[in-house]
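Asker: Here you go, one structure.
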Amino acid sequence: MAVIGARGQLGSDLVRVLSERYEVVGFTHEELEVADMASVERALGGRDWAAIVNTAAFHRVEACEADPERAFRVNALGALNVARVARAAGAKCVYISTDYVFDGAKGGPYLESDPPRPINVYGASKLAGEQLCFMTLDDALVLRISSVFGRAGASGKGGNFVETILQKARAGGPLRVVADQFMSPSYTLDVARLLMGLLEKDVRGVVHGANQGVCSWHELAQEAVRLCGLGVGVEPIPSSAFPSPVKRPPYSALASERLAALGLKTRPWREALGDYLREKGHLAG
Ligand SMILES: NC(=O)c1ccc[n+]([C@@H]2O[C@H](COP(=O)([O-])OP(=O)(O)OC[C@H]3O[C@@H](n4cnc5c(N)ncnc54)[C@H](OP(=O)(O)O)[C@@H]3O)[C@@H](O)[C@H]2O)c1
């Protein structure tokens, strides 16, 4: 199996987890540029991959808005390049996508059958990537996740939200966190295990793979601080306190209507957060 984006939060955990059962080759950005077909072919062509998992993305939402060309080159054209090479190799193609394909107007967790309607360039470029995968391969798998935290930290974002909160809390605060945007956090180790199950069952189509439950960024921050026993208050603030040129869905929680029928599930986000904090050495035991 091939994992693209192997040094990223999800990519590094995928290499770790999938290697328990399969022969896995991870490709870093230096080794493979998804936006460049020649680079994708050089790295992946001419080999019989069982599956190619594409975790690479340009996912800094503000930067995508400012540079839509790059967003579509990496997130959409990159997805097409990888899907074409997967088709030529007879490989299963897996594209990792996002809750930001939704507009947030539903007011409840989004299911796989809900129609996507992105409201920013990042979301639109990822939805285009999903569609280009399905256009190329009927049996492609798109796994949507959201608000990701993992051992490696997001390379494009310098760590992740949980680490940023804990650093600030250890520095004594103050912590002011948005309380009116709701989502479902995703622990990359859990996502990697889920993907292993999906690959074993040769699942196709769209699957939502976030941890179970819904929280605001404020609740996520508060829980991380509480679990680490840091006596720092977290003040809830409205997102209007951080004016941004980018529209974000106010409610982009994900739930799955497919996993139960497949005999698969993810666990509640609080449990996953506790394990993540233990894995990172923030908690004893
Ligand atoms: N992070 C989130 O909160 C979040 C939420 C929802 C969905 N997702 C999706 O989940 C996936 C994984 O996210 P993540 O947090 O694991 O990201 P990450 O930590 O930034 O990992 C992405 C990896 O892909 C590599 N990469 C970036 N651009 C590339 C390109 N053009 N060609 C080849 N490799 C490239 C990066 O390398 P360099 O750093 O060296 O460029 C990095 O190692 C992405 O598809 C993202 O859209 C993420």
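The values are calculated or read from the model by the stated rules, or taken from the named source; none is laboratory data. Just so it is clear, the structure is predicted and the values come from calculations on it, not from any experiment. Glycine gets a Cβ as well: all are built from the backbone with ideal geometry, and neighbour counts include every protein chain shown. Ligands, DNA and RNA are excluded from the accessible area calculation, which covers all protein heavy atoms including side chains. Shrake-Rupley method; radii C 1.70, N 1.55, O 1.52, S 1.80 Å.
Asker: Counting only residues that are among the hydrophobic types (A, V, I, L, M, F, W, C), in a loop (DSSP other than H, G, I, E, B) and at pLDDT below 95, how many does segment 229-282 have? Before you say what the answer is, go through the steps one by one.
Answerer: As a first pass, look at segment 229-282 and keep what is among the hydrophobic types (A, V, I, L, M, F, W, C): 230, 232, 234, 237, 241-242, 246, 253-255, 259-262, 264, 269, 272-273, 277.
Within this subset, residues satisfying the condition of being in a loop (DSSP other than H, G, I, E, B) are 230, 232, 242, 246, 253, 255, 259, 264.
Subset that is at pLDDT below 95: 230, 232, 242.
Qualifying residue count, segment 229-282: 3.
Asker: When the residues of segment 18-53 are filtered to those that are touching a residue at least 60 places away in the same chain (Cβ under 8 Å) and surrounded by 20 or more Cβ atoms within 10 Å (Cβ to Cβ), which remaining residue is farthest from I96 (Cα to Cα)?
Answerer: Here the residue is L18.
Asker: Filter segment 220-241 for residues that are more than 23 Å from the chain's Cα centre (by Cα) and open to solvent by 70 Å² or more (accessible area, probe 1.4 Å); which is farthest from V53 (Cα to Cα)?
Answerer: G231
Asker: Also: Given the condition surrounded by fewer than 15 Cβ atoms within 10 Å (Cβ to Cβ) and not in a strand (DSSP E or B), answer yes or no: does some residue in segment 208-219 qualify?
Answerer: So far as segment 208-219 goes, no, none of its residues is surrounded by fewer than 15 Cβ atoms within 10 Å (Cβ to Cβ) and not in a strand (DSSP E or B).
Asker: If you don't mind, there's one more thing I want to ask. What are the residues in segment 64-73 that are open to solvent by 10 Å² or more (accessible area, probe 1.4 Å), touching a helix residue (DSSP H, G or I) at 6+ places or on another chain (Cβ under 8 Å) and not acidic (D, E), if any?
Answerer: Let us first name the residues in segment 64-73 that are open to solvent by 10 Å² or more (accessible area, probe 1.4 Å), namely 65-70, 72-73.
Still in the running and touching a helix residue (DSSP H, G or I) at 6+ places or on another chain (Cβ under 8 Å): 65, 68, 70, 72.
Of everything in segment 64-73, those that are open to solvent by 10 Å² or more (accessible area, probe 1.4 Å), touching a helix residue (DSSP H, G or I) at 6+ places or on another chain (Cβ under 8 Å) and not acidic (D, E) turn out to be P68, R70, F72.
Asker: If M135 meets every condition in (1) under 22 Å from A38 (Cβ atoms); (2) free of Cβ contacts under 8 Å to residues at least 60 places away in the same chain; (3) open to solvent by less than 50 Å² (accessible area, probe 1.4 Å) apart from one, which number is that one?
Answerer: Exception for M135: condition (3).
Asker: So which residues in segment 74-101 are near the ligand (Cβ under 8 Å from one of its atoms) and either open to solvent by 20 Å² or more (accessible area, probe 1.4 Å) or more than 13 Å from the chain's Cα centre (by Cα) (or both), if there are any at all?
Answerer: V74, G78, Y100
Asker: If you don't mind, another one. Select from segment 57-79 the residues that are part of a helix (DSSP H, G or I) and of a type in the set (D, E) and list them in ascending order.
Answerer: Initially, segment 57-79 is screened for residues part of a helix (DSSP H, G or I), giving 61-66, 68-79.
If the condition is that a residue be part of a helix (DSSP H, G or I) and of a type in the set (D, E), then E62, E65, E69 are the ones that fit.
Asker: Can you find even one residue in segment 162-169 that is in contact (Cβ under 8 Å) with a residue 12 or more places away in the chain, part of a helix (DSSP H, G or I) and closer than 29 Å to S113 by Cα?
Answerer: Taking every residue of segment 162-169 in turn, none turns out to be in contact (Cβ under 8 Å) with a residue 12 or more places away in the chain, part of a helix (DSSP H, G or I) and closer than 29 Å to S113 by Cα.
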